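Enquirer: Quick one: this structure, given as structure tokens, is what I'll be asking you about.
The values are calculated or read from the model by the stated rules, or taken from the named source; none is laboratory data. The model shown is predicted, which means the values in this text are computed figures rather than measured ones. A quick note on method: Cβ atoms are made from the backbone with ideal geometry, for glycine too, and the neighbour counts reach across all protein chains shown.
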Amino acid sequence: MTSPRANLTDLAVVLSHLPFYAVLRRYPPEVTVPFLRRACWHDEVASGRAADREAWAASLFAELPAQEREQQQRRLVAYLSTRMVDVLFVRLYGGYQGFLERHIAIDGREAWESLKRQYGRAVLVTPHWGPYLAAPGVLRAMGERLAVPIDAALVPLWEKLGAQLGDDQSRTRYVGIPGPPATARIAARLAEGYSAFVTPDFNLGRAGGLSVPFMGRELPATTGPARLAIEGGVPVVPLLLSSDTPLTYRLAMAEPLYVPGEPADVLALTRRIYAWMDAVVRQDPALWWGWAAYDPRFRGAGERPEPRM
Amino acid sequence: MSTLASQPDFFAVIRQYPPELAWPLLMDANRYDWQQSPEEAQQLAALAAQHFPADVAARSRWVQYLQSRMLDPIMFLLWQEPWQFFEQHVTVAGQAVLDRVRREYGRMVAVSPHWDAYLALPGCLLQDGWRVNCQTEPQVAEWWGHLLRQYLSRHLNLEFVPMAQQGGVVDRLAAAVAAGWTVYITPDYNLGQSAPEAPMVPFVGGQLPATTGPARIALEGQVPLIGMTLQRTGPLAYTWDVAEPLYWPGGDTPAVWDLTEQVYRYLERQVASDPARWWGWVHRREGEGPAS
């Protein structure tokens with residue numbers, strides 16, 4: 001059986017044919033994005049991954065009534081199979097003038113700008129939900145400087161694509177995981193004035209030390225984001241990228257979960273972060289990549305607790 | 001096709017996807033490229049208004065046809081080997097004629113008007129097993145030749161003869177026939193234009209400078225002269241229509257001009273069935289009459 005994990009690095013076409021994307025972006029997204037979506041789905045079906053995921057997703061939603069189960073199963077498979085299109089779309093077109101005005105509605109931007117004036121940068125948290133992969137690109141289009149922890153295997157890919165597209169790569173610094181302690185590397189970037197874009201549910205079940213309620217279970221959680229904020233003296237801002245219609249997105253930047261000067265309680269802040277992410281994922285569990293983190297086939301861990309809706 | 005055509009890497013990647021995926025992208029991209037050339041669009045609109053003064057729908061269809069016709073040969077050439085484009089998307093009407101020619105002569109003079117998906121006819125002939133020689137403009141020959149060598153393993157069976165400004169084309173095509181090649185000719189434009197003394201023939205409500213080339217090549221080479229068209233009948237659906245022979249060696253030998261008239265009557269019938277898919281309006285001279 002093909003491992004769904006392969007999806008993470010299955011962008012060989014990007015690495016080997018970067019000029020392809022340089023040509024694509026000369027056309028408007030209305031022309032290219034539908035193709036990318038269909039091509040992505042085609043690749044998934046042709047490789048057999050879509051069929052694998054069908055069975056896997058059915059087991060995840062086994063407790064739901066049949067009709068709802070099938071619907072959620074289809075949505076999760078479609079989401080997992082085509083989520084790369086969001087990031088490609090923003091990567092290709094994010095540098096164009098008028099991109100934000102045409103494609104992104106931003107909630108809470110004034111409050112965010114106010115926080116930035118005061119603190120210069122922040123720890124930005126979001127779950128692996130919906131088009132979260134495109135959020136760094138949207139933030140870059142807004143002019144933010146970001147440190148983004150991602151799978152170490154993908155760092156060369158995005159750096160090469162950025163170079164091909166002529167991006168100012170100093171605006172985004174990738175922190176490859178695994179590698180030297182990620183928290184220390186992100187803290188160093190915070191000190192340089194970068195904001196940190198973190199998705200803490202990625203580490204669920206791997207980081208020890210604290211249990212938090214998440215998706216119906218008590219799960220071990222990472223305290224990294226809370227420590228980064230408290231020790232770095234920066235706010236924690238939850239943000240959520242969503243999309244209801246093709247080619248348009250909404251970036252919601254919520255009230256901070258922490259601002260410097262509040263009681264410095266790492267555990268309490270960690271719980272607040274996870275509680276916020278839990279509420280997001282529960283709104284629509286079929287758009288959560290995190291299901292994959294619980295499946296032994298994704299990581300070979302084999303002993304992971306399964307979340308419940 | 002300027003942007004896409006200048007990017008061979010683009011074609012190399014996109015042909016990995018099936019035609020159903022690639023076709024809409026190519027159509028949309030092509031349309032977009034045309035939108036970036038408002039002057040050309042204006043010229044086309046003026047031509048369309050001149051040739052279809054009373055039929056607004058036909059004007060629009062003709063412009064759309066002109067703007068997308070290059071995609072037919074592109075799909076045939078690039079998507080043939082990874083996706084068996086010909087076998088999957090072309091219906092052949094008249095296969096018996098082709099088989100008989102193949103059995104008895106092994107080559108022919110194939111004529112077609114510049115109508116509908118005619119640009120992909122050499123690809124059809126190639127996939128049906130013929131060695132094909134066709135005349136084309138020098139710069140186009142170079143471009144197609146490059147794609148052909150890059151993407152079609154049977155490219156040695158398809159040759160382009162770049163047209164010189166001053167004659168010689170008919171002799172070269174006749175030599176190709178003698179060497180066993182099938183020649184594909186579109187007589188409603190090229191071969192006649194370069195000859196100032198070319199007689200005019202009535203054609204789709206106007207006059208066309210005619211060429212006797214196809215008739216001469218067939219008669220002198222003693223090979224069948226076959227009319228054919230390729231029609232786009234739907235998205236990614238084509239019908240290759242092979243007509244009964246205009247000339248078959250062995251019977252009474254017609255005069256060159258009689259056979260030439262037959263050729264043009266055949267071509268005119270095809271164009272008249274839907275004049276909004278005739279490329280030839282582009283070169284119809286002012287005063288030669290509107291479409292009927």
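Enquirer: Having 3 or more residues that are more than 16 Å from residue A:286 (Cα to Cα) and at pLDDT 85 or above is the bar; report the helices (runs of 4 or more DSSP H) wholly within region A:43-93 that clear it. It would help to see each step written out before you state the result.
Expert: Numbers: elements: A:49-60, A:66-82, A:84-93.
Fully inside region A:43-93 and qualifying: A:84-93.
Enquirer: Can you say whether residue B:252 is at negative phi, outside any helix (DSSP H, G or I) and free of Cβ contacts under 8 Å to residues at least 24 places away in the same chain, as far as the supplied structure shows? I'd like the intermediate steps shown before the answer.
Expert: Values: at negative phi: yes; outside any helix (DSSP H, G or I): yes; free of Cβ contacts under 8 Å to residues at least 24 places away in the same chain: yes.
Here the answer is yes, as residue B:252 does meet what is asked.
Enquirer: I've got another one for you. Quick one: which residue in B:259, B:246, B:208 is within 30 Å of residue B:61 (Cα to Cα) and in contact (Cβ under 8 Å) with a residue 12 or more places away in the chain?
Expert: Selected residue: B:208, the only one of B:259, B:246, B:208 that is within 30 Å of residue B:61 (Cα to Cα) and in contact (Cβ under 8 Å) with a residue 12 or more places away in the chain.
Enquirer: Among (1) within 23 Å of residue B:215 (Cα to Cα); (2) surrounded by 20 or more Cβ atoms within 10 Å (Cβ to Cβ), where does residue B:95 come up short?
Expert: All conditions pass for residue B:95, except number (2).
Enquirer: When region B:78-98 is examined, which residues are found to be of a type in the set (D, E, K, R) and under 18 Å from residue B:14 (Cα atoms)?
Expert: Listed by number, the list holds a single entry, B:81.
Enquirer: State the number of residues belonging to region B:224-249 that are assigned to a loop (DSSP other than H, G, I, E, B), touching a strand residue (DSSP E or B) at 6+ places or on another chain (Cβ under 6 Å) and within 18 Å of residue B:170 (Cβ to Cβ). Show your work before the answer.
Expert: The first filter runs over region B:224-249 and keeps only residues assigned to a loop (DSSP other than H, G, I, E, B), leaving B:224, B:235-236, B:243-246, B:248-249.
From the residues that got through so far, the ones that are touching a strand residue (DSSP E or B) at 6+ places or on another chain (Cβ under 6 Å) too are B:243, B:245-246.
Applying the additional criterion that residues be within 18 Å of residue B:170 (Cβ to Cβ) yields B:246.
The number of residues fulfilling the criteria is 1.
Enquirer: Output the strands (runs of 3 or more DSSP E) that fall wholly within region A:121-240 and possess 3 or more residues being within 20 Å of the chain's Cα centre (by Cα), or say none. Walk me through how you get there before you give the answer.
Expert: Values: elements: A:123-125, A:146-151, A:172-177, A:195-198, A:211-214, A:217-220.
Counting at least 3 such residues, we get A:123-125, A:146-151, A:172-177, A:195-198.
Enquirer: With the requirement that a residue be among the hydrophobic types (A, V, I, L, M, F, W, C) and more than 8 Å from chain B (Cβ to nearest Cβ), what does region A:25-49 give you?
Expert: Residues of region A:25-49 among the hydrophobic types (A, V, I, L, M, F, W, C): A:31, A:33, A:35-36, A:39-41, A:45-46.
Answer for region A:25-49, where residues must be among the hydrophobic types (A, V, I, L, M, F, W, C) and more than 8 Å from chain B (Cβ to nearest Cβ): A:33, A:36, A:40, A:41, A:45, A:46.
Enquirer: Sticking with this structure for a sec: Write out, first by first residue and then by second, each pair whose Cβ atoms fall under 6 Å of each other, whose residues are 6+ apart or on separate chains, and whose first residue, in region B:13-24, is at negative phi while the second is small (Gly, Ala, Ser).
Expert: Between residues of region B:13-24 that are at negative phi and residues that are small (Gly, Ala, Ser), the close pairs are B:14/B:22; B:17/A:39; B:21/A:39.
Enquirer: Follow-up. Specify which of the listed residues (B:26, B:77, B:98) is within 14 Å of chain A (Cβ to nearest Cβ), aliphatic (A, V, I, L, M) and closer than 23 Å to residue B:121 by Cα. Steps first, please.
Expert: On the way: B:77 fails: within 14 Å of chain A (Cβ to nearest Cβ); B:98 fails: within 14 Å of chain A (Cβ to nearest Cβ).
From the options B:26, B:77, B:98, the qualifying one is B:26.
Enquirer: Quick check on this structure: which one of B:78, B:66, B:71 is out of contact with any strand residue (DSSP E or B) (no Cβ under 6 Å at 6 or more places or on another chain), crowded, with 18+ Cβ neighbours inside 10 Å and within 16 Å of residue B:234 (Cα to Cα)?
Expert: On the way: B:78 fails: within 16 Å of residue B:234 (Cα to Cα); B:66 fails: within 16 Å of residue B:234 (Cα to Cα).
One residue alone meets the criteria, B:71.
Enquirer: Could you check how many residues of region A:39-83 are within 23 Å of the chain's Cα centre (by Cα), surrounded by fewer than 19 Cβ atoms within 10 Å (Cβ to Cβ) and basic (Lys, Arg)?
Expert: Counting residues in region A:39-83 that are within 23 Å of the chain's Cα centre (by Cα), surrounded by fewer than 19 Cβ atoms within 10 Å (Cβ to Cβ) and basic (Lys, Arg) gives 2.
Enquirer: Report yes if some residue within region A:50-71 is over 20 Å from residue A:132 (Cα atoms) and within 14 Å of another protein chain (Cβ to nearest Cβ); otherwise report no.
Expert: Within region A:50-71, none of the residues are over 20 Å from residue A:132 (Cα atoms) and within 14 Å of another protein chain (Cβ to nearest Cβ).
Enquirer: Hey, another quick one. What is the residue count in region A:231-251 for residues that are touching a Pro at 6+ places or on another chain (Cβ under 8 Å) and β-branched (Val, Ile, Thr)?
Expert: The qualifying residues number 3.
Enquirer: Being more than 8 Å from every other protein chain (Cβ to nearest Cβ), within 14 Å of residue B:71 (Cβ to Cβ) and either in contact with a Lys or Arg (Cβ under 8 Å, 6 or more places away or on another chain) or modelled with pLDDT under 90 (or both) is the filter here; which residues of region B:1-21 pass it?
Expert: B:1, B:2, B:5, B:11, B:15
Enquirer: So, one more: Please find, among A:280, A:236, the residue that is closer than 20 Å to residue A:108 by Cα, surrounded by 15 or more Cβ atoms within 10 Å (Cβ to Cβ) and out of contact with any helix residue (DSSP H, G or I) (no Cβ under 7 Å at 6 or more places or on another chain).
Expert: A:280
Enquirer: Suppose we keep only residues that are at pLDDT 85 or above and more than 13 Å from residue B:123 (Cα to Cα) within region B:137-169. Which one would you say is surrounded by the fewest Cβ atoms within 10 Å (Cβ to Cβ)?
Expert: For region B:137-169, the residue satisfying everything is B:149.
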